[in-house]
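One structure below.
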Amino acid sequence: MTKKEHTRKISALKYVLPAALLLAAVLLAAYIAYARSFASPVPEPLTQEQADSFAAAMAERYPEHILSALPYPVIPAELDLHCGAAIMIDAASGSVLYEKNADEVIPPASMTKLVVMYVVLQEIAKGNISLSDIVPLPPESWAVNAPPLSSLMFLGQGETVTLDELLLGLAVASGNDAAVAVAHYVSGSVEAFCARMNEEMHKLGLQHTRFVEPSGYSEHNLTTPREFAAFAKVYIERYPQALEKYHSARSIAYPQPHNLAPWADPEKNRPVVQYNTNKALDNIPGCDGLKTGFIYESAYNLAYTVKRGDTRFIAVIMQGEGTGSAEGNYYRVLNSQTLTDWGYATFATRAADDIAPHAVPVFGGTEQALCLVPAYNRALTVPALIPDKTPEQAAQSVQVETRIDAPVTAPVAAGTAYGARVYSLNGVTLEEIPLVADRSVAAGSFAKRLIDTVIQAQYE
């Protein structure tokens, strides 16, 4: 190599070396910035396709159920109930607190009318009908044409009655005549209306609850305590106004002068006053519904609900003991008192938390971050686990911990759990709500996976 060539080489190095160092510095800075981005992950907003995929994954992995067992072990209560079957649930969480022969198939009797009201309130919510509608009264709905021993609102030919009044007649007087009038008005016939009732029960996943007529008179109407409690939970959630407006009403007086047929003499057709058959309303503090039922094939049934503070229970008692309505009502009240006293002495409801999405990095993927979201979020039924504290006080003492598992590595399937929201009390885990990936993330390129592997080691 000549001196001149050597000089040119040295001169070139003066430019190449700084350029190389600058490039290395840029690459290092880029690497550091890229590595730091994992410390503060910012997921991209979900596309509609990703949202749909997540919803499908959740429906498969975590199907929704109206009722469920308590998420922690308990010793089943032994209560002295005078009935063949019963169940009590927490209305907020859907947890089953107590059950006795809860899957026995039994005619609901006049509790059937709650399903009638549910269908009517659906139609009102859709705007198809309204409470102020004047409902025509076909002959089948006249009290004089009702089967023997029917509970009646005492509808008559030519009377003017609103849908609102009929709903009150269903809830308080348990009018079989009102049920027939409503069925004809909503669906055109009793048969078509019963088909609608059965369709709605099928939508709720109730396999044993079926109806052949809307009043509850037939022993071929069937349900179970568990399924009817599940229905009552949905009914109250969707139409809470029905409790105060109809099911808490103590009496009804019908017909009023404005209801009478044009030819009727008001002096000879004075209102018949009837009182709510649900005696739990006046004997169980906090009771604000729902409905009794009786036919010989089912004996004395009662679906009722009680709210005290932040805790609402729903109970269904079927095949209640009693000879005659007075004794039947006595045992209805006694059973409901026993269940309610035990329930509030043992459990309280803790409202569901507002759980924010938790952003986490994704290593080696086509996306660099995703959100962990709760697989479900519901109220928690809290047991009285702390000595000398009421269930309500125990509910305020629940401890909450958010646990995130090891760093997330692609590929990721939407709905996969990578952590949990853990609720505990007095050293006992009450529930773990899985925190799941809100999207699927495919594996990235070989180069990205290689680089991310180096960075991921810092997070382990």
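Residue check: is residue 398 hydrophobic (A, V, I, L, M, F, W, C) and within 23 Å of residue 65 (Cα to Cα)? No, not satisfied.
Within the range 251-268, residues that are free of Cβ contacts under 8 Å to residues at least 60 places away in the same chain and over 18 Å from residue 177 (Cβ atoms) have Cβ atoms under 8 Å from residues that are aliphatic (A, V, I, L, M) and surrounded by 10 or more Cβ atoms within 10 Å (Cβ to Cβ) in these pairs: 266/260, counting only partners at least 6 apart in sequence or on another chain. When residue 177 is tested against (1) closer than 22 Å to residue 290 by Cα; (2) among the charged types (D, E, K, R); (3) surrounded by fewer than 22 Cβ atoms within 10 Å (Cβ to Cβ), just one condition goes unmet, and that condition is (3). Within the range 421-434, no residue satisfies the criterion of being aliphatic (A, V, I, L, M), modelled with pLDDT of 95 or more and either under 23 Å from residue 457 (Cα atoms) or open to solvent by 30 Å² or more (accessible area, probe 1.4 Å) (or both). Cβ separations smaller than 9 Å between residues 6+ apart or across chains give the following pairs from the range 168-188 residues that are without any contact (Cβ under 8 Å) to a residue 12 or more places away in the chain to residues that are crowded, with 24+ Cβ neighbours inside 10 Å and not small (Gly, Ala, Ser): 187/193. Of the residues making up the range 250-264, those that are surrounded by fewer than 18 Cβ atoms within 10 Å (Cβ to Cβ) and either in contact with a Cys (Cβ under 8 Å, 6 or more places away or on another chain) or under 30 Å from residue 287 (Cβ atoms) (or both) are 250, 251, 253, 256.
A quick yes/no check of all residues on (1) among the charged types (D, E, K, R); (2) closer than 14 Å to residue 168 by Cα; (3) touching a Gly at 6+ places or on another chain (Cβ under 9 Å); (4) surrounded by fewer than 21 Cβ atoms within 10 Å (Cβ to Cβ):
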| site | (1), (2), (3), (4) |
| --- | --- |
| 112 | no, no, yes, no |
| 123 | yes, no, no, yes |
| 135 | no, yes, no, no |
| 142 | no, no, yes, yes |
| 145 | no, no, no, yes |
| 149 | no, no, no, yes |
| 153 | no, yes, yes, no |
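Taking every residue in the range 61-77 that is farther than 14 Å from residue 378 by Cα and pairing it with any residue that is in a loop (DSSP other than H, G, I, E, B), at least 6 positions away or on another chain, the pairs with Cβ-Cβ distances below 6 Å are 61/415.
Of the candidates 392, 401, the single residue that is under 22 Å from residue 89 (Cα atoms) and either free of Cβ contacts under 8 Å to residues at least 24 places away in the same chain or crowded, with 17+ Cβ neighbours inside 10 Å (or both) is 392. In summary, residue 233 fulfils each of the numbered conditions (1) open to solvent by 10 Å² or more (accessible area, probe 1.4 Å); (2) part of a loop (DSSP other than H, G, I, E, B); (3) closer than 21 Å to residue 304 by Cα with the single exception of condition (2).
Quick check on residue 277: is it part of a loop (DSSP other than H, G, I, E, B) and touching a Ser or Thr at 6+ places or on another chain (Cβ under 8 Å)?
Judged against the criteria, residue 277 is a match.
Scanning the range 343-356 for residues that are under 19 Å from residue 308 (Cβ atoms) and either acidic (Asp, Glu) or in contact with a Phe, Trp or Tyr (Cβ under 7 Å, 6 or more places away or on another chain) (or both) gives a single hit, 343. Residues that are open to solvent by less than 10 Å² (accessible area, probe 1.4 Å), of a type in the set (Ser, Thr, Tyr) and either out of contact with any Phe, Trp or Tyr (no Cβ under 8 Å at 6 or more places or on another chain) or without any contact (Cβ under 8 Å) to a residue 12 or more places away in the chain (or both) within the range 298-326 comprise 298, 304, listed in sequence order.
Within the range 133-154, the set of residues being modelled with pLDDT of 95 or more, in a loop (DSSP other than H, G, I, E, B) and over 16 Å from residue 189 (Cα atoms) comprises 133, 152, 153, 154. Taken together, the residues in the range 343-360 that are in a loop (DSSP other than H, G, I, E, B) and of a type outside the set (Val, Ile, Thr) amount to 6. In this structure, does residue 375 turn out to be open to solvent by less than 40 Å² (accessible area, probe 1.4 Å), under 23 Å from residue 60 (Cα atoms) and within 23 Å of the chain's Cα centre (by Cα)? Criteria met by residue 375. Taking the criterion of being of a type outside the set (Ser, Thr, Tyr), open to solvent by less than 30 Å² (accessible area, probe 1.4 Å), more than 25 Å from residue 298 (Cβ to Cβ) and within 22 Å of the chain's Cα centre (by Cα), the residues of the range 327-365 that qualify are 347, 348, 355.
The values are calculated or read from the model by the stated rules, or taken from the named source; none is laboratory data. No experiment lies behind these values; they were computed from the predicted model shown. Heads up, the Cβs are rebuilt from the backbone with ideal geometry, glycines too, and the neighbour counts pull from every protein chain shown. Surface areas here come from the heavy atoms of the whole protein model, side chains and all, with no ligands, DNA or RNA. Shrake-Rupley method; radii C 1.70, N 1.55, O 1.52, S 1.80 Å.
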